[in-house]
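First the structure, in the form of structure tokens, and then the observations on it.
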Amino acid sequence: MLEDFLNTLEDQLKSREVAAVFTEAGMITGWGSMLVAPDGYLKAVRELTTRYGTLLVVDEVGSGFSRTGKMFAIEHEGVVPDLVTLAKAISNGAVPLGAVIAKGSMVEKYASAFKPTSTNGWTPLACAAGLKTLEIHLRDQVWKAADSKGVLMIDYLSRELNNHRHFSKIRGKGMEIAFDLDNSINVGEGNSSVSTKLVNLCMNEGLHLADAGDCVQLMPPLTITEDELYEGLSKLVTAVKKL
């Protein structure tokens, strides 16, 4: 699958008419899928874009700041893109903030002539929140805890739900984990889907899930304790077994 994709990508880049490739770092963090690319995906894309003079832009809005068990998801394959986009976790949700990081060699020549303007950008509060968030991640090496807790999540769910009809294809990195549901199975509640029933069962036990359709996507707070994590996973497992 990866080889076929890379061959198709190279065919497009050979024209040297493609300005940039935009991609996430190997995980689709958007709601409702949570797909994970094969190992080597991002590194191979970097090699091809370099070969044909195409910019590589990586979206780290969802995967940045320790979520996947690395400070940034690009570190899983040691890739340095030309541009990286950041938001959301950059200020820990305290206040809206976004950023684009570019290679110095791309912007040094133009930096003195660049005069950005914004009605509500770079507020002191947002910048202070961003700086403090970065400080805490680096000080506490939050990505290490995210990595170990992610392993705990996969191990627990795999052990407790092994061979269950509503549990398959568990996947993820760090504290972004998902598994698939089979919404084609009748759950005996009119037209309610499996995912809707699961969300309702969990809510009744004080566990909030968002209805992601055919998969359950888990992104607990990075600060969650192991006791709290086990409590939430236990409620989820109990709900799945009631389906």
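The values are calculated or read from the model by the stated rules, or taken from the named source; none is laboratory data. Given the structure is predicted, the values throughout are model-derived calculations rather than measurements. Methodologically, a virtual Cβ is constructed for each residue, glycine included, from the backbone with ideal geometry; neighbour enumeration extends over all protein chains shown.
Some observations on this one:
- Restricting region 29-47 to residues that are hydrophobic (A, V, I, L, M, F, W, C) and surrounded by 18 or more Cβ atoms within 10 Å (Cβ to Cβ), the residue that is nearest to the chain's Cα centre (by Cα) is 34.
- Counting only strands (runs of 3 or more DSSP E) wholly contained in region 53-116, no element carries 1 or more residues that are more than 23 Å from residue 129 (Cβ to Cβ) and aromatic (Phe, Trp, Tyr).
- Against the list (1) aromatic (Phe, Trp, Tyr); (2) assigned to a loop (DSSP other than H, G, I, E, B); (3) under 23 Å from the mean Cα position of the chain (by Cα), the condition residue 122 fails is (3).
- Considering residues of region 1-39 that are polar (S, T, N, Q) and part of a helix (DSSP H, G or I) only, the residue farthest from residue 178 (Cα to Cα): 12
- Checking the stated criteria, residue 28 turns out to be without any contact (Cβ under 8 Å) to a residue 12 or more places away in the chain and out of contact with any Cys (no Cβ under 8 Å at 6 or more places or on another chain).
- Just one residue in the set 209, 198 is without any contact (Cβ under 8 Å) to a residue 60 or more places away in the chain, surrounded by 13 or more Cβ atoms within 10 Å (Cβ to Cβ), assigned to a loop (DSSP other than H, G, I, E, B) and in contact with a strand residue (DSSP E or B) (Cβ under 8 Å, 6 or more places away or on another chain); that residue is 209.
- Hits in region 135-186 - residues which are touching a His at 6+ places or on another chain (Cβ under 8 Å) and surrounded by fewer than 21 Cβ atoms within 10 Å (Cβ to Cβ): 182, 185
- Boolean, residue 165 is in a helix (DSSP H, G or I) and either among the β-branched types (Val, Ile, Thr) or on the phi < 0 side of the Ramachandran plot (or both): no
- Residues satisfying the stated conditions in region 49-92, i.e. more than 28 Å from residue 210 (Cα to Cα) and surrounded by fewer than 19 Cβ atoms within 10 Å (Cβ to Cβ): 50, 51, 52, 53, 55, 57, 75, 77, 78, 80, 83
- Search result, residues across region 87-135 that are touching a residue at least 40 places away in the same chain (Cβ under 8 Å) and in contact with a helix residue (DSSP H, G or I) (Cβ under 7 Å, 6 or more places away or on another chain): 90, 91, 92, 130, 133
- Residues satisfying the stated conditions in region 93-122, i.e. farther than 29 Å from residue 46 by Cα, aliphatic (A, V, I, L, M) and surrounded by 13 or more Cβ atoms within 10 Å (Cβ to Cβ): 94, 95
- So residue 132, is it farther than 30 Å from residue 182 by Cα and either in contact with a Cys (Cβ under 8 Å, 6 or more places away or on another chain) or exposed (fewer than 15 other Cβ atoms within 10 Å of the Cβ) (or both): yes
- Filter pass, residue 131 being modelled with pLDDT under 95 and either in the same structural domain as residue 48 (by TED's automatic domain parsing) or outside any helix (DSSP H, G or I) (or both): no
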